[in-house]
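For reference, the structure discussed in these notes is given below.
FYI, it's all coordinate maths here, none of it is from the lab. For clarity, every value in this text was computed on a predicted model and none was experimentally measured. Glycine also receives a Cβ, built like all others from the backbone with ideal geometry; neighbour counts cover every protein chain displayed.
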Amino acid sequence: MSGRHGIPKSRWLPAYVTVYLAFLYLPILLLPIFSFNNAATTTFPLAGFTTKWYASLWHNTALLEAARNSMIVGVSVAILSTVLGICAARAITRYRFRGQRAATGLIMAPLFLPEIIFAVSLLMIILQLGVELSLVTVILGQVIFCLPYAMSVLISGFGGFDRSLEEASLDLGETAIGTFRRVTLPVVAPALVSSLLVSFTVSLDEFILAFFLSGTEPTLPVYIWGQLRFAAKLPGVLALGSVMILISILLLTLSEIIRRRAEHRLRAEGALNA
Amino acid sequence: MAVLSGTAVEHRPAHPPKNRLRWTASEEASGLALISPTLLYAVALLFLPILIVVAYSFWTQDYLTIDRTFTLQNYKTALGEPIYQDLLMRSLVISLVVSVVTVTVSYPIAWFISFHGGVHKNLWLFLITVPCWTSYLLRVMSWKVILGYGGVMNTGLLSIGVIDKPLTSLLYNSNAVVITLVHSWAAFAILPIFVSLEKVDRSLIEAAHDLGDNKLMSFLRVTLPLSLPGVISAFLIVMIPTVGDYVTPKLVGGKDGVMIATAIQAQFGKGANWPLGAALSVTTMVIVSAMAGLVVLGLKLLVRMAK
């Protein structure tokens, strides 16, 4: 089906890649462009430069409240999903046991499910149990959503780990916990940091679960959703959106740098050992 | 980026322990013990809730009380009412079109990175995935800004004189929904295809060339079949989640772009008919899974024919 595209006409393939990258990036670059535009509408030609939309963000208490909520949720989700991810990733990469495939499948399932369906199912069980909707319910739900991402990062981090180091440590009389702390942890630390950053980013941008489960305490995406009804609020939303996109890109870049440094180091050590 | 690409990797211990003492000290017990917190969490907050949705879909609601006698009435409504039929049909068509388009336009990118990425493969993957990690809601909003009546596309085209009056056909229809979703899911299609292309043994392609296949033939007979697992994952990872997309149809779909998620959400909001909402959810999942299964089968057949 995509056969024709796969053939290297080295002349047009780079052109295609360029067009594709433009398609990916232009919509994201538009938000910052219009957030500095001195007009309340998003039309060309641009009407001059202003930073007033950014300045207005600081005096908006509802927005600051939502930002605080997002921080609380993001940090909690990052820690919880990384801790749960460590258990699962470690179990999968270190041991072999019956039901391993099924267990992994269940934890990874949110990648292959329409988000609205597990949002709705969580909402039902939470209301059934008589629990109030709050930031706690958002955190509980988002951890399920972030676990597959945390797991992917952690599995690839743990996978490159040379087990003979651990065996040596155990043979030399170190306890299992001591081995994890003194041998395993330093090697897998970059994967942990990477997992924390990725989970935080996913949580910061997650909308559907927050929308269904947040009750009266909106996170930033839920706040933005509420503002979209008012055309006059658009420039402020664009400024806020640009800040959020910048934060996401910075966190992801950081996580990628940490991961790649660790990869280089592991490779260098592997070469030395060999 | 390692995310997603790691999902397919499974690591088996190279040396199973030689002396198994008791089961509690065995590898199996250790593995189960270690994974149990995560597994229990997923069972409690993913598996059980889904079971409850399935259960609810066979019950009925009378104002605030739930009648737990088994009934198929909700499914009759979900499958019989024209409005739900239309929404379901449109959601399925949109998710099929989105996944076909996404996989088709993404394959050459994955191919390019895998075969021509050189030492910068990771950097390429990072560049491709970054936009997909930024807020989904904001990306949809940005498409609204692009395609709107007074939006970037219209005002841009007007000012350079390509059109005399703004086009109204850009926003608030299924096409806008498809474009936005293709943009959203691009990286999710590229990563699995890339991973499977990386596993293709390059010497097989050379062998095909040496044996007289031209580039197209060697692609169809060697590269494509070997990368099929990645293409299939890409299909599943795009098609199944998009069928239940809520934000995109709401923001850019207009009246003609409404999808099933809006109807599901309504049953949990003011409309408050949980059993019907549950039946709509289950119906959507079952049908989209069946459709995904058919697509996978079809792909396998196509590739077999190409050989």
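With the charge dipole of chain B set up from +1 on Lys and Arg Cβ and -1 on Asp and Glu Cβ about the Cα centre, the Cα lying farthest toward the positive end among the listed residues B:T69, B:H183, B:V93 is that of B:H183. Between B:V178, B:V296, B:V286, where does the largest GNM mean-square fluctuation fall for chain B, given springs only between Cα atoms within less than 10 Å? Its mean-square fluctuation being the largest, the pick is B:V286. Calculation over all alpha carbon pairs of the stretch A:117-184 in 5 angstrom steps from 0 returns a P(r) of 3, 14, 16, 12, 9, 9, 9, 10, 10, 6, 1 percent.
Could you state the number of Å between the C-alpha centres of the stretch A:149-212 and the stretch B:254-286? Their Cα centres are 38 Å away from one another. Reducing the stretch B:78-100 and the stretch B:143-185 to their Cα centroids gives an inter-centroid distance of 24 Å.
Short-range pairs are left out: with C-alpha atoms under 8 Å and at least six residues apart, the relative contact order of the stretch A:132-274 is 33 percent.
Simple rule: put +1 on each Lys or Arg Cβ and -1 on each Asp or Glu Cβ in the stretch A:185-262, find the dipole, and look at A:V187, A:T219, A:L234; the Cα lying farthest toward the positive end is A:V187.
Percent of Cα pairs in chain A per distance bin of 10 Å, from zero to the largest separation: 6, 21, 26, 25, 16, 6, 1, 0. Normalised by residue count, the protein assembly as shown yields a Cα convex hull volume of 190 Å³ per residue.
State the volume of the convex hull built on the alpha-carbon positions of the stretch B:82-306, expressed per residue in Å³ and rounded to an integer. Could the numbers behind the result be given before it?
Numbers: hull volume 36.4 nm³, N = 225.
Hull volume normalised by residue count: 162 Å³.
Do the alpha carbons of any pairs in B:K250/B:K300; A:K233/B:K250; B:K165/B:K250; B:K144/B:K199 sit beyond 29 Å of each other, and which pairs? Result: B:K250/B:K300; B:K144/B:K199 exceed 29 Å.
What longest region of chain A stays clear of trypsin sites (Lys or Arg not before Pro) that DSSP places outside H, G, I, E and B and that have at most 10 other Cβ atoms within 10 Å? That would be A:99-228. Anyone know which of B:A279, B:A44, B:A55 comes out most mobile in the 10 Å Cα GNM of chain B? Among B:A279, B:A44, B:A55, the largest mean-square fluctuation in the Gaussian network model of chain B belongs to B:A44.
Please list, by residue number, every one of the chymotrypsin sites (Phe, Trp or Tyr not before Pro) in the stretch B:68-146 that is coil in DSSP and has at most 13 other beta-carbon atoms within 10 Å.
Details: sites: B:F70, B:Y75, B:Y84, B:W111, B:F112, B:F115, B:W124, B:F126, B:W133, B:Y136, B:W143; in loops: B:F70.
Qualifying residues, ordered by number: B:F70.
Loop-only check: which trypsin sites (Lys or Arg not before Pro) in the stretch B:173-277 are DSSP coil with at most 10 other Cβ within 10 angstrom? Mind dumping the intermediate values first?
Numbers: sites: B:K199, B:R202, B:K215, B:R221, B:K250, B:K255, B:K270; in loops: B:K199, B:K255, B:K270.
Here the trypsin sites (Lys or Arg not before Pro) that fit, given the DSSP loop and packing criteria, are B:K255, B:K270.
Using R₀ = 25 Å, calculate the FRET efficiency as 1/(1 + (r/R₀)^6) where r is the Cβ-Cβ separation of A:L172 and B:A33; round to 0.05. E between A:L172 and B:A33, to the nearest 0.05, is 0.55. For the stretch B:50-134, the list of trypsin sites (Lys or Arg not before Pro) that fall in a loop by DSSP and count at most 13 other C-beta atoms within 10 angstrom reads B:R68.
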